[in-house]
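K.L.:
Below: one structure in structure tokens.
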Amino acid sequence: MDDKALKGLLRVHIDASVGGEGGEVADTRAKVLDYYYGEPLGDEIEGQSQYVSTDVLDTIDSVLPEILAPFVMTEQLAEFKPEGKEDEEAAKQASDYNNYIFLRDNPGFEILQDWFKGALLEINAYVKAWWDESEKTSVYEYEDLSKAQWIQITTPDEVEVLEHTEKPDPAFKDIAAQFEAIGLAMPGGPQLPEMPTLHDVKIRRTRKKGRVRIETCPSEEILVSRKKKKNGDPYFICHARRITKSELLEMGFPKKTIEDLPATSETDQKQEKISRNNRDDEWPSDDTMADPSMQEVDFYEAYFAVDYDDDGTAEYRKIQAAGPDLEILTNEEWDECPIIGITPIRMPHKFMGRTPAEIVQDVQRIKSTLIRAVLNNLYNLNNARTAYNDNVSVEDLLDRRVGGLVKVEGTLPPEASIYEMSTQPIGQFIQPLLEYFDQVRETRTGIFRYEQGLDSNKLHDTAAGINILVGKAQERVQLIARNFAEMGVKPLMGLI
């Protein structure tokens, strides 16, 4: 298979994948984020209540600490079991190594929190773990180095000398003058030894140090195939993102190849990204585009099975491509995908599951509507509409000062010319409905108010009844935690 055919196949996979811009999954994720942030629902009426309930936020932020606790309240996140006595020491070393790599060499707590919260909010969340050999460039400046120090610092191959100044050592300047004064440095006479010099130098050091890197990936950057394997994993998975040309250079790609890639000029308008950066000043700016090294390029890192060598068997490959034309940067056989996805509520024979945030959206909308009705009713009760006729001064009527006067003409009493239109209170009817939809939310998610502190309205309930409800809720939460452990943490530690 030549590069042209490989590019075509890669384009087909990308265009047909799930999670891309404009798809139903992307729209669902963006909507969930809007609900979490309490954004307007879109049906607001000017001059009336625009209250938005926070059921999605309450649900996610209530259950996250309980799910996270078993993973972070321990120094041993994972343990490798030996197959026999001869494996015990190796298993112990593997356990110690993995826990060190994840919890200390990488920000393990931050990774777990972002990973789990992303899954609870956005259906699926992803972590990527790989062996990183990126180059790291640092600039150093030294002053007053001896000759031996100068040679030691500038000898390694990874060092590039940017500036160098050699100067006499001031400590020996007076000694040289004294030697000359007594004639020890006359022509034909004893010669002075070579006077020591000092060196000022500025260097650039480029290091390539391998290490295990782990990071969470935004959901909108991960594309997966619609077709699944028997174990539920996708046949195709791709990390599609925009990175700078400087980052590509650090990844080890040839400078000439990177310079020839066209920079992405279009603004990233993925709805999920827009919803996540819901404040205007959080939105990334393009003020670095004037610097060629900071220009962004579309970059794709794909893992899928393809019969590239035409032997009749599809082998798993890693393909890295960039630019609108999918210029192939690397193409090599690979053994295991470094991207691991989790979902809180598994669905049989599907990669995409469901999330508690998704199933309480309608509750948030209904509760918002009900509370708005109560607030609008209260506004009308406190500021009732007033009916009047031509005998009343409108200017006086609009003056709401305490003790203010209203001019009324004619001989009829004021109540015959002015009266307030009555509004029927509805609060007593709305309260049971709000309680009902709170119960609906609890039943759907398994997250009960009993777990979040003492509920004074339920003090008369029996302790046994409360324990049963809390136990049922904990079972559902524990199931989500178990899904995260089996689908995510376990394969991640094996990958490390």
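K.L.:
Would you pull out the residues with amide H under 5 Å of Thr330's amide H, same chain only if 5 or more places away, H placed 1.01 Å from N?
P.N.:
Correct list: Gln320.
K.L.:
Would you list which aspartates and glutamates come within 15 Å of Lys256, measuring only between C-alpha atoms, while excluding same-chain residues fewer than 8 positions from it?
P.N.:
Reachable aspartates and glutamates: Glu247, Glu327.
K.L.:
Between their Cα atoms, which of Lys81/Lys490; Lys81/Lys318; Lys4/Lys270; Lys245/Lys318; Lys128/Lys209 are more than 24 Å away from each other?
P.N.:
Details: Lys81/Lys490 12 Å; Lys81/Lys318 31 Å; Lys4/Lys270 28 Å; Lys245/Lys318 21 Å; Lys128/Lys209 19 Å.
Violating the 24 Å limit, Cα to Cα: Lys81/Lys318; Lys4/Lys270.
K.L.:
Given the options Pro432, Asn377, Val360, identify the residue whose Cα lies farthest towards the positive end of the charge dipole of region 334-434 (+1 on Cβ of Lys, Arg; -1 on Cβ of Asp, Glu).
P.N.:
Farthest towards the positive end: Val360.
K.L.:
Please give the length that would be gained between Met73 and Gln149 if that part of the chain were fully extended, namely 0.36 nm times their separation in residues minus their C-alpha to C-alpha distance (nm, one decimal). Let's see the in-between values first.
P.N.:
Details: separation 76, 0.36 × 76 = 27.36 nm, distance 4.79 nm.
Extra length available between Met73 and Gln149 comes to 22.6 nm.
K.L.:
Could you tell me which GluC sites (Glu not before Pro) in region 288-363 are loop residues by DSSP with no more than 16 other beta carbons within 10 angstrom of their beta carbon?
P.N.:
On the way: sites: Glu296, Glu301, Glu315, Glu327, Glu332, Glu333, Glu336, Glu358; in loops: Glu336.
Listed in order of number, the matching sites are Glu336.
K.L.:
Carbon-plus-sulfur fraction of the accessible area of region 1-131, 1.4 Å probe, in percent?
P.N.:
On the way: 3570 of 7050 Å².
Summing carbon and sulfur atoms, their accessible area is 51 percent of the total for region 1-131.
K.L.:
Something else now. For Asn331 and Arg226, calculate 0.36 nm times their separation in residues minus their Cα-Cα distance, and state this gained length in nm to one decimal.
P.N.:
Result: 35.5 nm gained on full extension.
K.L.:
How far apart, in nm, are the 7 Å Cα→Cβ label points at Arg242 and Arg205?
P.N.:
Result: 3.5 nm between the two label points.
K.L.:
Once phi is turned into ³J(HN,Hα) by the Karplus curve 6.51 cos²θ - 1.76 cosθ + 1.60 with θ = phi - 60°, what whole-Hz value does each residue of region 15-22 show in order, with x for glycine and proline?
P.N.:
5, 9, 7, 9, x, x, 4, x
K.L.:
Also: Taking the Cα centre of region 1-72 as origin and charging only Cβ (+1 Lys, Arg; -1 Asp, Glu), how large is the dipole, in debye to the nearest 20? Can you show the working numbers first?
P.N.:
Details: 5 positive and 15 negative charges, 106 e Å.
Dipole of region 1-72, to the nearest 20 debye: 500 debye.
K.L.:
Also, quick follow-up: Please list Lys92, Lys227 from largest to smallest accessible area, probe radius 1.4 Å, with all protein chains kept in place.
P.N.:
Numbers: Lys92 115, Lys227 140 Å².
The most accessible residue leads, giving Lys227, Lys92.
K.L.:
For region 105-162, with the dipole built from +1 on Lys and Arg beta-carbon atoms and -1 on Asp and Glu ones, taken about the Cα centre, which of Ser138, Val159, Leu112 lies farthest toward the positive end?
P.N.:
Leu112
K.L.:
A further question on this structure: Per residue, how much accessible area does region 1-133 have with a 1.4 Å probe, in Å²?
P.N.:
With the other protein chains kept in place, region 1-133 gives 54 Å² per residue.
K.L.:
Now for a different question. To the nearest 20 debye, what is the magnitude of the charge dipole of region 286-395 about its Cα centre, counting +1 on the Cβ of each Lys and Arg and -1 on the Cβ of each Asp and Glu?
P.N.:
Values: 9 positive and 21 negative charges, 357 e Å.
That gives a dipole near 1720 debye.
K.L.:
Right, another one. Can you give me the % of accessible surface on region 371-419 that is carbon or sulfur? Probe 1.4 Å, all protein chains present, nothing else counted. Please list the in-between numbers first.
P.N.:
Values: 2040 of 3800 Å².
Answer for region 371-419 is 54 percent, counting heavy atoms of protein chains only.
K.L.:
Given the Cα-Cα distance of Asp3 and Asp87 and 0.36 nm per residue of separation, how much length would full extension add, in nm? Before the final figure, lay out the partial values.
P.N.:
Values: separation 84, 0.36 × 84 = 30.24 nm, distance 4.51 nm.
Once the chain is fully extended between Asp3 and Asp87, it gains 25.7 nm.
The values are calculated or read from the model by the stated rules, or taken from the named source; none is laboratory data. The structure displayed is predicted, hence computed values, not measured ones. Reconstructed Cβ throughout: ideal geometry from the backbone, glycine too, with neighbour counts over all protein chains shown. Calculation scope for accessible area: heavy atoms of the full protein, side chains included, ligands and nucleic acids excluded. Shrake-Rupley method; radii C 1.70, N 1.55, O 1.52, S 1.80 Å.
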